[in-house]
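Heads up: the structure comes next, in structure tokens.
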Amino acid sequence: MRAIILAAGRGRRINILSKKNPKALIKINNKPLIDYQIENLKKAKIKKIALVTGYRNYLFNNYNFKKFFNKKWDRSNMIHSLNCADKWLKKYECIVCYGDIFNHPKAILLLKNTKNKFVLLNNVNFLKTWKKRFNYPLNDVESFKLDKKGYLIEIGKKEKSLNNIEGQFMGLFKISPKNWFKIKNYLNEIKNKSSKISTTELFYNLIKFKKQRIKALNYYDYWFEIDNHKDFNILKRFLKYKS
């Protein structure tokens with residue numbers, strides 16, 4: 001089992017903090033955000049870790065891990081960054097982590113221990129965090145619906161009611177080489193659009209066009225995303241009271 005952390009972005013919505021550093025290197029309690037995720041991976045005994053870098057990639061030189069470089073970091077998204085790690089994805093089962101999230105170590109263990117080969121984590125208690133982040137959570141959350149067996153049937157669409165949303169994507173998933181091969185085929189089908197497609201849009205299209213089945217595992221513990229200054233302060237307060 002290997003892990004890939006997507007850390008190519010600058011994070012323009014948190015500009016003052018990310019002007020000199022990639023968003024994944026923003027410090028929370030004097031420790032870079034990415035370090036928390038690396039610690040989670042090591043606690044799960046995952047030692048083979050790769051970083052997909054982009055903005056000011058040289059600032060990751062102190063991290064003694066395999067690195068892939070997204071040279072289009074300023075005009076692409078997470079899926080393009082993921083594609084930069086094709087060398088690993090086509091050979092190894094990998095856990096994929098966004099570089100701007102903060103979560104309990106058990107999230108990694110959930111992914112590592114499941115037998116499912118293409119699986120994402122479902123933040124069941126998302127609303128607790130979203131109410132802190134947004135005055136109107138429905139303006140930001142995306143649709144997330146599962147069938148009776150826990151397989152994804154819809155993700156990434158706008159919803160009119162929070163009652164119709166069963167969770168949220170967390171920026172954490174696991175994928176096997178066989179499933180990655182199917183994703184690559186689909187990305188080749190859409191060609192020039194592949195560098196712009198979001199992760200949830202990709203997942204939705206894969207299930208809509210019956211290219212893949214995607215299992216969802218329910219996750220109930222804490223999760224934070226650092227998208228702006230408000231998110232940054234929410235996480236700082238959480239860590240202050242947690243310690």
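Bear in mind these aren't lab numbers, they're just calculated from the coordinates by the rules spelled out. What you are looking at is a predicted structure, and each value in this text was computed from that prediction instead of being measured. Cβ sites come from the backbone with ideal geometry, for glycine too, and all protein chains shown count toward neighbours.
A few notes on this one:
- Each residue, N64 and L127, gets one label point 7 Å from its Cα in the Cβ direction; the gap between the two is 4.7 nm.
- For region 72-181, the fraction of alpha-carbon pairs in successive 5 Å shells from zero, as %: 2, 10, 18, 20, 21, 16, 9, 3, 0
- Mean shadow area of region 50-135, taken as a quarter of the surface of its Cα convex hull (nm²): 7.7 nm²
- Formal net charge of residues neighbouring D221 (Cβ-Cβ distance under 15 Å; K, R +1; D, E -1): +3
- Fully extending the segment from D147 to K27, taken as 0.36 nm per residue of separation minus the present Cα-Cα distance, adds 39.3 nm.
- Computed lengthening from L138 to D74, 0.36 nm per intervening residue step minus Cα-Cα distance: 20.2 nm
- Over region 99-235, Cα pairs under 8 Å with separation of 6+ residues give a relative contact order of 39 percent.
- Dipole of the chain [Lys/Arg +1, Asp/Glu -1 at C-beta], most positive-end residue of S143, T200, N83: N83
- Multiplying each eigenvalue of the alpha-carbon gyration tensor of the chain by 5 and taking the square root yields semi-axes of 24, 23, 18 Å, largest first, rounded to whole angstroms.
- Cα-centre dipole for the chain with unit charges at Cβ (Lys and Arg positive, Asp and Glu negative), debye to 20: 560 debye
- As a length-normalised measure over Cα pairs under 8 Å and 6 or more apart, the relative contact order of the chain settles at 24 percent.
- Geometric extent, Cα atoms of region 1-115 - Rg, Dmax (angstrom): 13.5, 42
- Between the C-alpha center of region 104-157 and that of region 26-80 there is a gap of 22 Å.
- Adding -39500 (n - 2.57) for every DSSP H run of four residues or longer, then dividing by how many residues the chain holds, sets the calculated 222 nm ellipticity at -9000 deg cm²/dmol.
- Length available on full extension from F181 to K112: 0.36 nm per residue minus the Cα-Cα distance, which gives 22.8 nm.
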